[in-house]
Structures are given as structure tokens and as C-alpha cells.
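The values are calculated or read from the model by the stated rules, or taken from the named source; none is laboratory data. Quick caveat: nothing in here was measured; it's all calculated off a predicted structure. Glycine gets a Cβ as well: all are built from the backbone with ideal geometry, and neighbour counts include every protein chain shown.
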Amino acid sequence: MDSHEILIWYIEPESIQDTAQLSRFFGWLSPEERAQHGRFRFDQHKHTYLVSHALVRSALSLMTQVDPAKFSFKTNAYGKPFIATPTQHETLHFNLSHTDGLAAVAISRHGELGVDVENKDRQILTQSMVEQFFAPEECLAVEQASEHERSTKMLEFWTLKESYIKAVGMGLSIGLDSFAFKLATATQSAYLLRLDAQPEAIEAWRFWQGQPTETHLMALAFKYEHANPLLVKAQRADWLARA
């Protein structure tokens, strides 16, 4: 991976069930991660947590040739993780997202980024939530959509907004109505219509969207600071089961 490439690796957690492999994954986790894993009440949530964090460590290992267990992480004041050790890889940026049936990690040497995945069959958004959290421009776009397109448009906006706040690394301290998106068309990627906090930075942000499975949507946010375009590659992490 070079400085003008962003990789997204994704995997269905339920596709990995081998007990020896899962035990190996658990051995990679830090004491803090093991404690968090133990706090989940349901086995499904424990499994998703284990596989998704193994995906992060294994993907970073693939990029650096460092053993997956050798990575340690810290978080910023808002909880966004970054590499603490090995220190020579501190500039390698990553972001993790998981939802029902899918986990994904985005990795770049370019700069800060955020990724979000959502399950289309999981009804996380209602019209009242849209009115409460979306920007007026986005509410209007949802309202104008046909009935069979409405739920997909809501989820597209949601994944874009989540990817942006994760890239900025400030979580929900940023008001979701303080920035607004224009959804992608056949000829143009999604882009920011408005960015109240940093209007001068609006042109620096770029967004990529994909559908890794029939039931999942994905969005990536990243800053565009290089003369050369950035290439986004999203691939299934088939190697994780063999890691």
C-alpha cells in the first residue's frame, strides 16, 4: 500500500467459527480488549467484537509485517483509537466499523479517515430520528425521495455522517445537523454541502461509498491533501481465517 491508496478490508464475523482460530485471535488482544470482550452479555456481540478487533490487528500486520499481538493502541479525548506502538508505525491511520453481519477496517498512510458500515435490514432510523438529527437539506432530500427509496437514502446519509465524525475523531460532540451532504449521483460522488465548524475545509473532504454485500452499505471519509488522486480499494479479508 502506498501513500495514495486507502484499503478497506471487510469480513462477515459469522464466517469464522473455528475454535482454534478464535482462540488465536483472543491471544492477540490486549488486557483492556479482553476485559471489554468479557463485558458483552451476548455471545454474538462477543464474537463480533473478537473478530472485528482481530481484523484490525491482522490487517495492520499485513501492512507492516509486525505480529498482530505486538500492536498497542491509545485513544484521543473522544475515544478514537490510534497506534501507540510500534512507534515507527504511528503514522499508519486506521478506523474500524461493525454492524450486524459485517466488520470493516480502513487503513491509510495518507491521513485521518473514518469508515462506517450499516446493515440495510436493521431498522436503525425512523422519520422522527431523521428530523431530529439530520440537517434541513438532508431532511428535504429524504422527504422528496420516493417511498421505496426513502429508507436507503436515510441510511446513505447516516453512513456518510458517521464516517465524517469518525474521521474528524470527535464523535457525537459534533452536531449532526451542523454539516450536510449531497448524495451521490450517477456522475458525481457524495460531497459536503455545508460544514459549519470549518467552512474553509469543506473542499478538502472526499467521500467514497460502496455496498460490500447485498445487505450492507459502507461509507468512507478522508481528507484530500495530495496532488495525486487517492485510490480506494474495498476487498473481503479472506486471509483472516488463515491468519
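Quick look at the values:
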{"quantity": "Positions within segment 113-134 being assigned to a loop (DSSP other than H, G, I, E, B) and either assigned by TED's automatic domain parsing to the domain that holds Ala237 or buried (at least 22 other Cβ atoms within 10 Å of the Cβ) (or both), in sequence order", "calculated": "Phe134"}
{"quantity": "In segment 184-226, the residues that are of a type in the set (Phe, Trp, Tyr), under 19 Å from Ala135 (Cβ atoms) and surrounded by fewer than 16 Cβ atoms within 10 Å (Cβ to Cβ)", "calculated": "Tyr191"}
{"quantity": "Helices (runs of 4 or more DSSP H) wholly inside segment 1-110 containing at least 3 residues that are in contact (Cβ under 8 Å) with a residue 40 or more places away in the chain", "calculated": "19-28, 43-64"}
{"quantity": "Glu137 vs. criteria acidic (Asp, Glu), surrounded by fewer than 20 Cβ atoms within 10 Å (Cβ to Cβ) and at pLDDT 95 or above", "calculated": "yes"}
{"quantity": "Top-ranked residue of segment 180-219 - restricted to ones that are small (Gly, Ala, Ser), in contact with a helix residue (DSSP H, G or I) (Cβ under 9 Å, 6 or more places away or on another chain) and assigned to a strand (DSSP E or B), ranked as nearest to Leu102 (Cα to Cα)", "calculated": "Ala219"}
{"quantity": "Residue among Tyr164, Tyr191 that is outside the structural domain of Leu102 (by TED's automatic domain parsing), touching a Lys or Arg at 6+ places or on another chain (Cβ under 6 Å), hydroxyl-bearing (Ser, Thr, Tyr) and modelled with pLDDT of 95 or more", "calculated": "Tyr191"}
